[in-house]
Amino acid sequence: MSYRERIQQQLYRLQPRLPLPDDEAIAHSEALYRYLSTLVASAPVPFSAYMNELLYAPGLGYYSAGAAKFGEAGDFVTAPELSPLFSRCLARQVAEVLQECGGQVLEFGAGRGVMARDMLLALAELNALPERYCILEVSADLQQRQRETLAVLPAELRQRVQWIETMPATMTGVILANEVLDAMPVTRWQWRDGQLFELGVTLRDDGEFDWQEMPPSDPLRYWFEALPDFIKQALPAFYRSECHLWQAGWVQALAAMLERGLAILIDYGMPQHEYYLPERDDGTLICYYRHHSHDNPFVLPGLQDVTAHIDFTALAEQGLDAGFDLEGFCHQAAFLQSLGILQEAEAVGDRHQQLRDAQALKRLLMPHEMGESFKVLALGKQLQQSLRGFALSDQRDRLG
Ligand SMILES: C[S@@+](CC[C@H](N)C(=O)[O-])C[C@H]1O[C@@H](n2cnc3c(N)ncnc32)[C@H](O)[C@@H]1O
């Protein structure tokens with residue numbers, strides 16, 4: 001079977017009417033598939049290593065290469081892409097912190113650069129421009145798209161933008177990460193008949209990737225031992241899920257870098273007692289191809305996004321352990337409403353934009369859309385004021 005036929009078959013099994021990628025995309029996927037096959041050919045590799053290569057292998061991975069990814073023509077839509085209202089509200093929270101402690105903004109994983117563009121325009125209106133707006137983006141392809149998006153800004157704003165390759169030694173100001181943590185590789189684990197396994201990836205004789213039980217790594221074992229007893233005792237005889245071991249190191253690095261200011265982390269996910277519910281027995285891993293979601297990370301390599309929900313209890317604990325203060329936690333809808341999204345929408349003058357915003361507001365705020373599935377977690381250092389974004393709702397107590 002040719003590689004094109006393999007992709008056709010995979011797509012048909014997912015949903016018969018999904019569009020076939022063009023020749024260039026299929027060739028790209030084949031190159032990544034060959035690379036991944038070599039990687040796992042001699043021995044299974046942990047899923048986190050497979051996911052890292054699948055998404056970020058230089059020049060090949062889903063995020064590193066040229067697929068459309070974002071927006072209606074891509075695979076998924078993120079909140080800043082839906083409407084400038086999202087970034088304009090977030091800018092109010094950023095401005096409040098910058099007014100207290102000054103400094104810069106550092107955005108991780110800026111996608112196409114839409115949030116950076118709208119945020120800078122809004123901060124200029126609020127008279128709260130940061131000294132610098134730094135972007136740390138692991139994908140060279142997306143860095144290029146960010147440069148194109150930000151090229152439309154007036155020079156006064158554009159010259160504040162700087163792309164950096166690594167975290168600075170220290171900074172004061174605001175760190176932003178929207179849908180970045182969900183794009184970091186996760187460790188996949190399995191509980192079977194009272195025993196913990198790490199899930200790895202192997203290559204079957206028919207050339208398809210598959211799950212393979214492996215002994216758990218030490219970090220996974222320590223993590224599992226530290227899970228609350230009420231969660232472990234309720235696990236059914238067969239249970240699969242994920243944990244975010246890579247994220248812990250990232251949060252520690254943030255804490256070491258931020259001397260004063262706030263990190264605002266926005267993503268889909270839930271507190272730990274909901275994450276590891278007995279009935280969620282296949283975890284939260286989810287893949288997106290042209291707005292169609294499913295749970296098979298082994299098909300369509302390089303053509304689909306692979307992501308997992310965030311355990312916000314673990315994220316808060318990682319933050320506290322690293323020396324942050326927990327400044328707030330709530331649903332995205334409450335956060336945006338605290339920051340005046342409805343008033344912001346009413347003030348829009350352009351009729352076409354009003355119509356687009358009406359649709360966007362539904363997606364951003366409705367509970368069954370992004371409103372409740374997305375959460376906002378704020379980790380701070382040396383801040384005096386309470387944050388306006390959590391004025392209507394602060395659910396830090398739900399994290400325990
Ligand atoms: C789902 S996209 C979200 C993009 C954008 N923030 C948005 O909301 O539209 C994930 C982004 O995170 C980036 N990314 C993933 N891991 C990263 C890391 N460790 N540091 C910086 N960027 C990262 C990806 O390359 C991509 O730009």
task: May I ask you to list the residues in the stretch 42-62 that are in contact with a Ser or Thr (Cβ under 8 Å, 6 or more places away or on another chain), more than 11 Å from residue 301 (Cα to Cα) and touching a residue at least 40 places away in the same chain (Cβ under 8 Å)?
output: 44, 46, 47, 48, 56, 58
message: Need the failing condition index for residue 279 against (1) surrounded by fewer than 18 Cβ atoms within 10 Å (Cβ to Cβ); (2) charged (D, E, K, R); (3) in contact with a helix residue (DSSP H, G or I) (Cβ under 9 Å, 6 or more places away or on another chain), just the number.
response: (3)
Pick from the stretch 63-118, criterion within 23 Å of residue 328 (Cα to Cα) and without any contact (Cβ under 8 Å) to a residue 40 or more places away in the chain, ranking: most open to solvent (accessible area, probe 1.4 Å): 99
task: Consider residue 293 carefully, then state whether it is free of Cβ contacts under 8 Å to residues at least 24 places away in the same chain, over 15 Å from the mean Cα position of the chain (by Cα) and over 30 Å from residue 130 (Cβ atoms).
output: yes
message: Given the condition more than 15 Å from the ligand (Cβ to nearest atom) and part of a strand (DSSP E or B), answer yes or no: does some residue in the stretch 96-108 qualify?
response: yes
field: Looking only at the stretch 75-95, and only at residues there that are among the β-branched types (Val, Ile, Thr) and at pLDDT 95 or above, the one that is farthest from the ligand (Cβ to nearest atom)
entry: 94
field: Residue identified as in contact (Cβ under 8 Å) with a residue 24 or more places away in the chain, within 16 Å of the ligand (Cβ to nearest atom) and of a type in the set (Gly, Ala, Ser) among 261, 269, 323, 283
entry: 269
query: Given 207, 200, 173, which one is more than 16 Å from the ligand (Cβ to nearest atom) and part of a loop (DSSP other than H, G, I, E, B)?
result: 207
statement: Within the stretch 237-255, residues being open to solvent by 40 Å² or more (accessible area, probe 1.4 Å) and over 18 Å from residue 314 (Cα atoms) number 2
message: Any residue in the stretch 205-218 that is touching a residue at least 12 places away in the same chain (Cβ under 8 Å) sitting within a Cβ distance under 6 Å of a residue that is of a type in the set (Phe, Trp, Tyr)? List the pairs, counting only those 6 or more apart or interchain.
response: 209/298; 213/197
query: Can we say residue 371 is of a type outside the set (A, V, I, L, M, F, W, C) and open to solvent by less than 20 Å² (accessible area, probe 1.4 Å)?
result: yes
- line: With criteria (1) more than 29 Å from residue 40 (Cβ to Cβ); (2) of a type in the set (Asp, Glu); (3) surrounded by fewer than 16 Cβ atoms within 10 Å (Cβ to Cβ), residue 317 comes up short on (3)
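This table checks each residue for (1) surrounded by fewer than 17 Cβ atoms within 10 Å (Cβ to Cβ); (2) polar (S, T, N, Q); (3) on the phi > 0 side of the Ramachandran plot; (4) modelled with pLDDT of 95 or more.
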{"site": "170", "(1), (2), (3), (4)": "yes, yes, no, yes"}
{"site": "173", "(1), (2), (3), (4)": "no, no, yes, yes"}
{"site": "178", "(1), (2), (3), (4)": "no, yes, no, yes"}
{"site": "182", "(1), (2), (3), (4)": "no, no, no, yes"}
{"site": "186", "(1), (2), (3), (4)": "no, no, no, yes"}
{"site": "198", "(1), (2), (3), (4)": "no, no, no, yes"}
{"site": "201", "(1), (2), (3), (4)": "no, no, no, yes"}
{"site": "207", "(1), (2), (3), (4)": "yes, no, yes, no"}
query: Which of the residues that make up the stretch 129-156 are open to solvent by 10 Å² or more (accessible area, probe 1.4 Å) and away from the ligand (no atom under 15 Å from the Cβ)?
result: 129, 131, 132, 151, 152, 154, 155, 156
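The values are calculated or read from the model by the stated rules, or taken from the named source; none is laboratory data. These numbers were taken from a predicted model, which means no experiment stands behind them. Glycine gets a Cβ as well: all are built from the backbone with ideal geometry, and neighbour counts include every protein chain shown. Just the protein is used for accessible areas: all its heavy atoms, side chains included, with ligands, DNA and RNA removed. Shrake-Rupley method; radii C 1.70, N 1.55, O 1.52, S 1.80 Å.
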